[in-house]
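Encoded as structure tokens, the structure appears first; notes follow it.
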Amino acid sequence: MLFISLIVIACFCAPNTNSQYFDYITIKIYRNDKPVTLLQADTVNNEEEVTDVSIEFEKLPILKTGTFQNLSYLRNVHINSNNLEILEPHSFRNVSNLRLINLNFNRIKIVPENVFANLTVFKISLRGNSITTLHPNAFYNLSDLEVLDLNSNKIKELPQDLFYLTNNIRQFDLGYNQFGNYFDDYKYFDEALSNIQRYQDSLLDLSFNNFTEINNNFLRGVQFVKELLLNNNNIRRIGEMALDDLRWAETVDLEGNDLEELDDKVLSALQVVQNINLQNNPWSNSFVCKYERWCEKQEIVNTMDMACNTSEYTY
């Protein structure tokens, strides 16, 4: 590819900071599939044929409303490792062809309403920030969104109506956050994960959080998810109907929790699952023996790292 450097000479007069989207940082764009480096980044909105924008290792504290509003051909935005802290509403306003937003490894704490609303984006990644708050409708009306990555943040709860009119997510990563128990009747994943197709790879990752219990309602609506990760929490109890909605699951990972036993109804729900990981839990010997027999009956590989001690267990 032909590499072009575009240098814009700054005016000697004081800049109008009210209209400035960037503060004289360097960004990389692609114009007609050719990489272009902009040394004065505010000229990016003059590049109407831009398809990709990449900003890395710069100082960019705020993503302002309308930052990319003139870029009707823009498909991919990568703003990684820039100490970005604030997302203003409608930061991606009028970007009608946007498919990927990557805001990984910044310092974002709050995802407000209407930052991503009504976009045609396929993937949003906010991995490795400091997010504590997701506002209701933060991901409003994203009918093309299939991949949402919120891994490695500080999120403690999901608000209701977070995914209003967003119902095509198939890979949802919430691992390495601070989620605790949910005891209400709201179906947090029912709408977001409702249209997964059987042939699609799909994932709900809730690993490395602070769950101690999975109640009967929390996972309602995950019937089409193929991979459910609950490993490395502090789970001591799983409600007897908590996994009833599983239909196409191929993997359920419960490794690294505080489980001593599973209810018979939970085992019944797991009959459809090919790969069940129960390692690194303080299972009671009675359950270990029961699970061995259950695996034999279901013709499922027993991956448990404990063996039945028949001297302690009476059949």
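The values are calculated or read from the model by the stated rules, or taken from the named source; none is laboratory data. Because the structure is a prediction, the values reported are computed rather than measured. Neighbour counts are summed over all protein chains in view; Cβ atoms, including those assigned to glycine, are modelled from backbone coordinates with ideal geometry.
Does Leu262 meet the test of being surrounded by 15 or more Cβ atoms within 10 Å (Cβ to Cβ), assigned by TED's automatic domain parsing to the domain that holds Glu213 and at pLDDT below 95? Walk me through it before giving the result.
Values: surrounded by 15 or more Cβ atoms within 10 Å (Cβ to Cβ): yes; assigned by TED's automatic domain parsing to the domain that holds Glu213: yes; at pLDDT below 95: no.
No: the conditions fail for Leu262.
Can you pull out the strands (runs of 3 or more DSSP E) entirely within segment 181-300 that have at least 1 residues that are within 21 Å of the chain's Cα centre (by Cα)? Step through it out loud before you land on a result.
Details: elements: 203-205, 227-229, 251-253, 275-277.
Of the strands (runs of 3 or more DSSP E) lying wholly inside segment 181-300, those with at least 1 residues that are within 21 Å of the chain's Cα centre (by Cα) span 203-205, 227-229, 251-253.
Take the conditions farther than 27 Å from Asn209 by Cβ and crowded, with 16+ Cβ neighbours inside 10 Å and apply them to Glu88. Does it pass? For Glu88, the condition - farther than 27 Å from Asn209 by Cβ and crowded, with 16+ Cβ neighbours inside 10 Å - is not met.
Against the condition of a type outside the set (Gly, Ala, Ser), surrounded by 20 or more Cβ atoms within 10 Å (Cβ to Cβ), assigned by TED's automatic domain parsing to the domain that holds Phe172 and modelled with pLDDT under 95, how does Leu246 come out, does it pass? Spelling it out, Leu246 is indeed of a type outside the set (Gly, Ala, Ser), surrounded by 20 or more Cβ atoms within 10 Å (Cβ to Cβ), assigned by TED's automatic domain parsing to the domain that holds Phe172 and modelled with pLDDT under 95. With respect to the stated conditions, Arg220 fails to be closer than 28 Å to Leu150 by Cα and either touching a strand residue (DSSP E or B) at 6+ places or on another chain (Cβ under 8 Å) or modelled with pLDDT of 95 or more (or both).
Among the conditions (1) within 21 Å of Leu204 (Cβ to Cβ); (2) of a type outside the set (Gly, Ala, Ser); (3) modelled with pLDDT of 95 or more, Trp294 misses just one, which is (1). Checking Asp173, Asp205 one by one, the residue that is within 28 Å of Thr120 (Cα to Cα) and in contact with a Leu (Cβ under 6 Å, 6 or more places away or on another chain) is Asp205 and no other.
Among the conditions (1) closer than 30 Å to Arg237 by Cα; (2) at pLDDT below 95; (3) among the small types (Gly, Ala, Ser); (4) crowded, with 16+ Cβ neighbours inside 10 Å, Gly128 misses just one, which is (2). Exactly one residue among Glu255, Glu227 is in contact with a strand residue (DSSP E or B) (Cβ under 6 Å, 6 or more places away or on another chain) and closer than 24 Å to Gln197 by Cα, and that residue is Glu227.
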